[in-house]
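The block underneath contains the structure these notes are about, expressed in structure tokens.
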Amino acid sequence: MRQLPHTNHSQTPIAPFFVPFAYALILLRANTGLPCVFYADLYGYVAQPSHPALSGLITPPCGGVVIPKMMLARKFWAYGSQYDYFDDPRCVGFTREGHPSKSGGNGLAVVMTNGWEYASKRMFVGKHHAGEMWTDLLRWCPGQVIIDENGWGIFPVGHRSVAVWVNAAADNRGAVDAYVL
């Protein structure tokens, strides 16, 4: 299966690296309304353009795994207070503290950059997360972040990428990590 530049419903070309950025904002932020996930972004689609070489099955963006993992992250950990870090035009982030009634109170941290270099963002996730080890749910950014005693962590992200950081021992984390298409 081939992957062509992604297009949305209106057939406006969208750079493939940007698709996970958009879904991170749509799915994981607070008070963004009812999110919409395009069918083709989950399952792919059959393209039948006038040029025969471009027809055939087009795979979903990011191998079809990233968007479902973000959907599960929304279900399990996108609760509680939100803190925004939109202070740099190349690297932005936000965190959700979690809520005690959802998945053991676990939250998440999202950081993204459109730059060509690795970046990081120091963000607050809540004092109740002190001492926890967080890893990137999408597995695009290796390593771990240890939350300090005041509830802060320094969360890295790869170039032109997004990272969704969650406690490695969070409720339901194993099921999300094991997700395959």
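So if I check each of R29, R96, which one is buried (at least 21 other Cβ atoms within 10 Å of the Cβ) and either in contact with a strand residue (DSSP E or B) (Cβ under 9 Å, 6 or more places away or on another chain) or modelled with pLDDT of 95 or more (or both)?
R96
When residues of the range 71-126 are filtered for being basic (K, R), over 18 Å from L25 (Cα atoms) and touching a helix residue (DSSP H, G or I) at 6+ places or on another chain (Cβ under 9 Å), how many remain?
Qualifying residue count for the region: 1.
Conditions tested, residue by residue: (1) within 13 Å of the chain's Cα centre (by Cα); (2) crowded, with 21+ Cβ neighbours inside 10 Å; (3) of a type in the set (G, A, S).
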{"residue": "L108", "(1), (2), (3)": "yes, yes, no"}
{"residue": "Y118", "(1), (2), (3)": "no, no, no"}
{"residue": "K121", "(1), (2), (3)": "no, yes, no"}
{"residue": "H128", "(1), (2), (3)": "no, no, no"}
{"residue": "P142", "(1), (2), (3)": "no, no, no"}
{"residue": "G151", "(1), (2), (3)": "no, no, yes"}
{"residue": "G158", "(1), (2), (3)": "yes, no, yes"}
{"residue": "V162", "(1), (2), (3)": "yes, yes, no"}
{"residue": "A178", "(1), (2), (3)": "no, no, yes"}
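Going by what's in this entry, would P89 be described as part of a strand (DSSP E or B), open to solvent by 10 Å² or more (accessible area, probe 1.4 Å) and not hydrophobic (A, V, I, L, M, F, W, C)?
It is false that P89 is part of a strand (DSSP E or B), open to solvent by 10 Å² or more (accessible area, probe 1.4 Å) and not hydrophobic (A, V, I, L, M, F, W, C).
Pairs only if they're at least six apart or on different chains, beta carbon under 7 angstrom, first in the range 131-149 and touching a residue at least 12 places away in the same chain (Cβ under 8 Å), second of a type in the set (D, E) and not in a strand (DSSP E or B); list them, first residue then second.
I147/E132
With the condition kept exactly as written, say whether any residue in the range 16-25 is surrounded by fewer than 18 Cβ atoms within 10 Å (Cβ to Cβ), modelled with pLDDT under 85 and either within 29 Å of F94 (Cβ to Cβ) or of a type in the set (G, A, S) (or both).
There is at least one residue in the range 16-25 that is surrounded by fewer than 18 Cβ atoms within 10 Å (Cβ to Cβ), modelled with pLDDT under 85 and either within 29 Å of F94 (Cβ to Cβ) or of a type in the set (G, A, S) (or both).
The values are calculated or read from the model by the stated rules, or taken from the named source; none is laboratory data. These numbers were taken from a predicted model, which means no experiment stands behind them. With ideal geometry, Cβ positions are generated from the backbone for all residues, glycine too; neighbour counts draw on all protein chains shown. What goes into the accessible areas is simple: the full protein's heavy atoms, side chains included, and nothing from ligands, DNA or RNA. Shrake-Rupley method; radii C 1.70, N 1.55, O 1.52, S 1.80 Å.
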